[in-house]
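Chemist: So that we are looking at the same thing, I have put the structure below in structure tokens.
The values are calculated or read from the model by the stated rules, or taken from the named source; none is laboratory data. Bear in mind the structure is a predicted one, so any value in this text is a computation, not a measurement. Heads up, the Cβs are rebuilt from the backbone with ideal geometry, glycines too, and the neighbour counts pull from every protein chain shown.
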Amino acid sequence: MKTIVTLALVLTGLCATAQELTTYIAEAEANNPELQAYRLRYEVAQERVQETQWLPNTELSAGVFVSEPETRTGAQKARFSARQMVPWFGTRTARERYAHSMADAEYQEYEVARRKLALEVSRAYYDLYQLQAQQAVLGENLELLKTYEKLALTALEVGQASAVDVLRLQIRQEEVRERRGVLAELFTAEQARFNALLSRPATVAVMVPDRVDIPEEDPFVADSLGLNPELLRYDRLYESVAEAESLNQKESAPMLGFGVDYVPVQERPDVALPDNGKDILMPMVSLSIPLFDTRFASRTRQNALKQQELQAQKQQRLNTLEAALERARAERRAARLRYQARANNLAQARNAEQILLRSYETGTVDFNDLLEIQELQLKFQLSQIEAVKAFFLQSAMIHYITQ
């Protein structure tokens, strides 16, 4: 939960909407079926630890002599045997350590899936924010165009504008309505995808913030990638191979066997002897030595090769993550620059709009220029929203890589 809160705070610029995203991520972790499958795999691996204390099957045998052997003290009637083989000292402990290491590796797989799910939920969340914010901006521009239309109609009455100006403003309004309608459909589809991540009905409303601003300073992020679960997964797999080799060495040792044979003897009636008819009880100890078993030497070589393979895979993944981290940082800086540039351009466009509107009082307004300024404002506003989305998406990626 601490990781979830940290991620949400980073992604929402330390604003009040952090709680909303935190709640959505927690709900996804509780309900997402793919993540539940990873969690069950981990629980299965934990349960395998309980298997490690097994022993080979106890051998019980019984036999009846068809031709009874005669001994000095009587005839042997049958033979009953019980035997138990026991692995070499420390084998069961090594087996348990190996099972624990495999469970740890499965847990890292679960952690990778959990972090990826949180990243995916965050991406979908800010996709929804972009669509909703852009719809709001288009709505504001639509109202602005309606105001311009009223001005044009008034100017038309006094001969300061033409009917073409009015028609042009009406056409622009239809274009804005169309764009907003398209965004509304995309929002519905994106909302369904978001709800699918949380494993809930597609039509459930998703609460996203009306406005999100880029913070003045980037959140602090550690440079180390040592906490990334994708890299920790290779460490756990490497440890599991080491434990597998330790178990292999123990299993290559001899096995001890303990048993007892019991032979009932029939008493001889024709003679009087000491221990006449006394049953035979014979404890036994055996030793199973794998003199010609080449499996263990081969497993040792395989384990050494697997460790080399894991080291190479980890280095390759580390290189990929480092490159992705640098790219995410660069794209986040670029998003901040775009956001600031669009803010400056938007301020200039609004100043130009005010100048044009003031000229309306003198009857010299040029509605073509006004439409161009309005289109520029809309372009800057939509681009600024895209920059906000890009900033927080890259922040999510940076958090995934480094935390």
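Chemist: Do we find that A8 is modelled with pLDDT under 95 and crowded, with 17+ Cβ neighbours inside 10 Å in this structure?
Modeler: Yes.
Chemist: Kindly indicate whether R115 is of a type in the set (K, R) and under 30 Å from E375 (Cβ atoms).
Modeler: Answer is no for this residue.
Chemist: Let me ask something else. Can you tell me which of R72, R92, R83 is of a type in the set (K, R) and free of Cβ contacts under 8 Å to residues at least 60 places away in the same chain?
Modeler: R92
Chemist: Answer with yes or no whether P283 is exposed (fewer than 15 other Cβ atoms within 10 Å of the Cβ), touching a residue at least 12 places away in the same chain (Cβ under 8 Å), in contact with a strand residue (DSSP E or B) (Cβ under 9 Å, 6 or more places away or on another chain) and outside any strand (DSSP E or B).
Modeler: no
Chemist: Filter the range 190-221 for residues that are in a loop (DSSP other than H, G, I, E, B), within 30 Å of A343 (Cβ to Cβ) and not charged (D, E, K, R) and give the result.
Modeler: Once the filter is applied, which keeps residues that are in a loop (DSSP other than H, G, I, E, B), within 30 Å of A343 (Cβ to Cβ) and not charged (D, E, K, R), the range 190-221 yields V206, M207, V208, P209, V212, I214, P215, P219, F220, V221.
Chemist: Would you be able to tell me the number of residues in the range 66-98 that are loosely packed, with under 13 Cβ neighbours inside 10 Å and closer than 17 Å to E267 by Cα?
Modeler: Of the residues in that region, 4 qualify.
Chemist: Moving to a separate point now. Output the residues belonging to the range 322-343 that are loosely packed, with under 14 Cβ neighbours inside 10 Å, under 14 Å from L393 (Cβ atoms) and among the acidic types (D, E).
Modeler: none
Chemist: Out of (1) surrounded by fewer than 16 Cβ atoms within 10 Å (Cβ to Cβ); (2) out of contact with any Asp or Glu (no Cβ under 8 Å at 6 or more places or on another chain), the odd one out for R268 is which?
Modeler: Only one criterion is unmet by R268, namely (1).
Chemist: So in the range 299-315, with the set limited to residues that are farther than 13 Å from A244 by Cα and not hydrophobic (A, V, I, L, M, F, W, C), which one is surrounded by the most Cβ atoms within 10 Å (Cβ to Cβ)?
Modeler: K314
Chemist: Also, I was wondering about something else. Just the residues that are of a type in the set (S, T, N, Q) and either closer than 14 Å to L371 by Cα or not in a helix (DSSP H, G or I) (or both), please, taken from the range 143-169.
Modeler: Hits for the range 143-169 are T147, Q160, S162.
Chemist: Scan the range 340-348 and tell me whether some residue there is within 30 Å of T73 (Cα to Cα), free of Cβ contacts under 8 Å to residues at least 40 places away in the same chain and in contact with a Phe, Trp or Tyr (Cβ under 6 Å, 6 or more places away or on another chain).
Modeler: no
Chemist: Also, quick follow-up: Within the range 164-193, which residues are closer than 25 Å to F367 by Cβ and of a type in the set (V, I, T)?
Modeler: V164, V166, I171, V176 - these are the residues of the range 164-193 that are closer than 25 Å to F367 by Cβ and of a type in the set (V, I, T).
Chemist: Something else: Before we move on, is E375 surrounded by fewer than 16 Cβ atoms within 10 Å (Cβ to Cβ), in contact with a Leu (Cβ under 8 Å, 6 or more places away or on another chain) and at pLDDT 90 or above?
Modeler: no
Chemist: Among the residues of the range 259-280, is there at least one that is at negative phi, at pLDDT below 90 and either part of a helix (DSSP H, G or I) or under 46 Å from the mean Cα position of the chain (by Cα) (or both)?
Modeler: no
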